[in-house]
Amino acid sequence: MGADPDEELVRRIGAGDPAAMQAMVARKLPRILALAARMLGDPAEAEDVAQETFVRIWRHASGWRQGHARFDTWIHRVALNLCYDRLRRRREWVTDELPELADDAPLPDAMPGDEERRVNQALQRLAPRQREAIVLVYYQELSNIEAAGAMQVSVDALESLLARGRRALQAMLIGDDGDD
Amino acid sequence: MDAGRFAALADAYGSALHRWPPAEQAAATLFAETEQGRAILARAGRLDVMLDRHRVETPSPALHRAIVARATTKVRQERRRRFWWLGFGLAGVGLAGAVAGLALVTVVSPDIQSDHYVMDTNATSFGDAGPDADQAEEDL
């Protein structure tokens, strides 16, 4: 793993440099907000998660040291944990386990200009771990190793989640399961 | 790379090779030139076109400002906390010094009590001057 591109900025934040904080928000807020919006499907909740993620960054910056994961991977993990907290609260899970199976019944055909809402619905109907894998790799463009690290699974498990998620999306959005 | 592995990667990562595992991109690029490779990518690409329609709003300036404001508050609180801890630390050092000094004085300075004979309240420097002393002399 090469040098972490965020390391210097994190060090300056740890020293209390206001300009570094501004720079960190400009650099990471769009990514964190996009991650939370796609995981939660709710812009207001996504903003709350983004704010809370930055609170964690300010709190831990002075003690952060590059270990196995890059800073970007670490903040993805923080944001994902906050998203899961909200998903559990929202659905009032009886257990801590989130469902592994997606509801992949085809969605109604979209009116012109309505495809975005339809894709959002399809993403929200995925099992959360499949949605997480697709959001990290497809939308956030994390490498397979970074995404697996953020999800704390092996690369093989990540690929399995990705493939199952994409098959479910294919069934919901295109009407086949991709096995043709 | 064979067709099975190429299809498995397309199923997982989609049609854009830059999302595929870096270690397999070179071999995948070669396979993508084949007819089979093109067909697999075309099928994966149908879903990618749909997924690309999902866009999220860019952060509002208000959200950006709110996050920076919380950071500023956090830094102020942190500095205040450090200041107080510094004060407590200095006070602690002063107190520890005083205690150490006291302990040193107690250990080093002589024990005044041990060098003095403590006279009984009835005793004088000439002997016991208690009420029975005279009687004792008369009895002699």
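The values are calculated or read from the model by the stated rules, or taken from the named source; none is laboratory data. On a predicted model such as this, the values are computed, not experimentally measured, just so you know. Cβ sites come from the backbone with ideal geometry, for glycine too, and all protein chains shown count toward neighbours.
Name the residue, out of A:Arg27, A:Arg11, that is closer than 18 Å to B:Val68 by Cβ and surrounded by fewer than 22 Cβ atoms within 10 Å (Cβ to Cβ). Exactly one of A:Arg27, A:Arg11 is closer than 18 Å to B:Val68 by Cβ and surrounded by fewer than 22 Cβ atoms within 10 Å (Cβ to Cβ), namely A:Arg27.
Can you confirm whether B:Arg19 is within 29 Å of A:Leu40 (Cβ to Cβ) and of a type in the set (Lys, Arg)? In short, yes.
Across segment B:87-123, the number of residues qualifying as modelled with pLDDT of 70 or more and closer than 30 Å to A:Gly63 by Cα comes to 8.
Residue count for segment B:1-19 under the criterion of being at the interface with another protein chain (Cβ under 8 Å from one of its Cβ atoms) and either out of contact with any helix residue (DSSP H, G or I) (no Cβ under 8 Å at 6 or more places or on another chain) or acidic (Asp, Glu) (or both): the result is 1. Filtering segment B:20-49 to residues that are at the interface with another protein chain (Cβ under 10 Å from one of its Cβ atoms) and surrounded by fewer than 20 Cβ atoms within 10 Å (Cβ to Cβ) leaves B:Pro21, B:Pro22, B:Ala23, B:Glu24, B:Arg43, B:Arg46, B:Asp48, B:Val49.
Kindly provide the set of residues from segment A:37-73 that are more than 17 Å from A:Glu132 (Cβ to Cβ) and either assigned by TED's automatic domain parsing to the domain that holds A:Gln152 or not in a helix (DSSP H, G or I) (or both), ordered by number. Matches in segment A:37-73: A:Trp64, A:Arg65, A:Gln66, A:Gly67, A:His68, A:Arg70.
Residue-level analysis places A:Ala34 among those that are part of a helix (DSSP H, G or I) and either at pLDDT 95 or above or of a type in the set (D, E, K, R) (or both). Among the residues making up segment A:78-91, those that are surrounded by 15 or more Cβ atoms within 10 Å (Cβ to Cβ) and of a type in the set (D, E, K, R) are A:Arg86, A:Arg88.
Is it the case, given these coordinates, that B:Asp11 is over 30 Å from A:Ala23 (Cβ atoms), among the acidic types (Asp, Glu) and without any contact (Cβ under 8 Å) to a residue 40 or more places away in the chain?
Numbers: over 30 Å from A:Ala23 (Cβ atoms): yes; among the acidic types (Asp, Glu): yes; without any contact (Cβ under 8 Å) to a residue 40 or more places away in the chain: yes.
So B:Asp11 passes the test.
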